[in-house]
Amino acid sequence: MRRRLRIVCLFVAAAGLLGPPAALTQVGSPPTVGQIMPSDIDPQSGFRLPLPKREDLDDAGKAHYDRVAAPGATIAGLQGPSGITLYSPKAAEHARALNRYLRFEAGLPPRVREVAILTTAREMDSQFEWAAHEPEARKEGVDARVIDVIKQRLPTAGLKEADATVIELGRQIFRDHKVTSETFAKAKALFGPKTLVELVMLMGNYAGTAALLAAVDMQLHPGQKPLLPIP
């Protein structure tokens, strides 16, 4: 009897040292993994500033809030550039009008538009911007090979002329800070002066957004995987 008690006591003591048993997880319910964010990131907004509350905004701010919070109004919703620009609703309205014109009203072919945006996002190393627009690019028919060339910074040889020209134009603008005469002439011949100017304005528009995202360290949405190979 004493021997049995000693064994039981040893078992209980060992259990105490090992700690409580792990909670059982039901089959098919994966464990919840919390996204680790930098300490200065607001958990609700996903960036370094709290998301402004609608009731704290003026009339212009409330109108802007309602526009960008509507389902489908923006790709990222309030956890993205639209949430950041709630801090400056008047500037946001001008920026939004320009972005809408360049994306949808300037006459840029959707494929060209998305190649330009992805090239800008890659050259700016904007993980958030890329994650928002890679699916858009695929939806608009941008080939997987073109996306990979931009993502991996591979040579453009072998791509369609329009794709290669847009990529080279963006790389020279943002990486080299100088566009060669050859690249400019090729882009002008392909798109014409007006479309070329608006194409560059589109790239500049998204470079500005990438700068804003970088300043506030905008985080990817929960569950989103980083798609860009950034060290």
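Where a number appears in this text, it was derived from the coordinates with a stated rule and is not lab data. Everything numeric in this text was worked out from a predicted model, so none of it was measured. Note that each Cβ is placed from the backbone with ideal geometry, even for glycine, and that neighbours are counted across all protein chains shown.
Determine whether region 113-121 contains at least one residue that is under 29 Å from Ser45 (Cβ atoms), in a helix (DSSP H, G or I), polar (S, T, N, Q) and touching a Gly at 6+ places or on another chain (Cβ under 8 Å).
Here is the first cut: in region 113-121, the residues under 29 Å from Ser45 (Cβ atoms) are 113-114, 116-121.
Then drop every residue that is not in a helix (DSSP H, G or I), which leaves 113-114, 116-121.
Subset that is polar (S, T, N, Q): 119-120.
Now restrict to residues that are touching a Gly at 6+ places or on another chain (Cβ under 8 Å): 119-120.
Within region 113-121 (the criterion being under 29 Å from Ser45 (Cβ atoms), in a helix (DSSP H, G or I), polar (S, T, N, Q) and touching a Gly at 6+ places or on another chain (Cβ under 8 Å)), the answer is yes, since at least one residue qualifies.
Between Leu213, Leu202, which is under 30 Å from Ile36 (Cα atoms) and either of a type in the set (D, E, K, R) or touching a helix residue (DSSP H, G or I) at 6+ places or on another chain (Cβ under 8 Å) (or both)?
Numbers: Leu202 fails: under 30 Å from Ile36 (Cα atoms).
Testing whether each residue is under 30 Å from Ile36 (Cα atoms) and either of a type in the set (D, E, K, R) or touching a helix residue (DSSP H, G or I) at 6+ places or on another chain (Cβ under 8 Å) (or both) leaves just Leu213.
Considering every residue within region 160-169, establish whether at least one is touching a Lys or Arg at 6+ places or on another chain (Cβ under 6 Å) and more than 26 Å from Glu105 (Cα to Cα). If you could, list the steps in order and put the result at the bottom.
Our first condition is that a residue be touching a Lys or Arg at 6+ places or on another chain (Cβ under 6 Å); within region 160-169, this holds for 165.
Subsequent filtering for residues that are more than 26 Å from Glu105 (Cα to Cα) retains none.
Taking every residue of region 160-169 in turn, none turns out to be touching a Lys or Arg at 6+ places or on another chain (Cβ under 6 Å) and more than 26 Å from Glu105 (Cα to Cα).
Please specify each residue of region 44-94 satisfying the condition of being outside any helix (DSSP H, G or I) and of a type in the set (D, E, K, R). Full working, then the answer.
First, pick out the residues of region 44-94 that are outside any helix (DSSP H, G or I): 44-53, 57-58, 70-80, 88.
Matches in region 44-94: Arg48, Lys53, Asp58.
Is it the case that some residue within region 186-195 is in contact (Cβ under 8 Å) with a residue 12 or more places away in the chain, among the aliphatic types (A, V, I, L, M) and surrounded by 14 or more Cβ atoms within 10 Å (Cβ to Cβ)?
The answer is yes, given that some residue of region 186-195 is in contact (Cβ under 8 Å) with a residue 12 or more places away in the chain, among the aliphatic types (A, V, I, L, M) and surrounded by 14 or more Cβ atoms within 10 Å (Cβ to Cβ).
Scanning region 95-115 for residues that are among the hydrophobic types (A, V, I, L, M, F, W, C) and surrounded by fewer than 24 Cβ atoms within 10 Å (Cβ to Cβ), which turns out nearest to Met203 (Cα to Cα)? Before you say what the answer is, go through the steps one by one.
Taking region 95-115 as the starting set, the residues that turn out to be among the hydrophobic types (A, V, I, L, M, F, W, C) are 95, 97-98, 102, 104, 106, 108, 112, 115.
Retained after the next criterion (residues that are surrounded by fewer than 24 Cβ atoms within 10 Å (Cβ to Cβ)): 95, 97-98, 102, 104, 106, 108, 112.
Values: Ala95: 14, Ala97: 15, Leu98: 12, Leu102: 10, Phe104: 14, Ala106: 13, Leu108: 12, Val112: 11 Å.
Taking the candidates together, the pick is Leu102.
Is it the case that Asp217 is surrounded by fewer than 19 Cβ atoms within 10 Å (Cβ to Cβ), among the acidic types (Asp, Glu) and free of Cβ contacts under 8 Å to residues at least 24 places away in the same chain? Don't jump to the end; show me each part of the working.
On the way: surrounded by fewer than 19 Cβ atoms within 10 Å (Cβ to Cβ): yes; among the acidic types (Asp, Glu): yes; free of Cβ contacts under 8 Å to residues at least 24 places away in the same chain: no.
So Asp217 does not fit the description; no.
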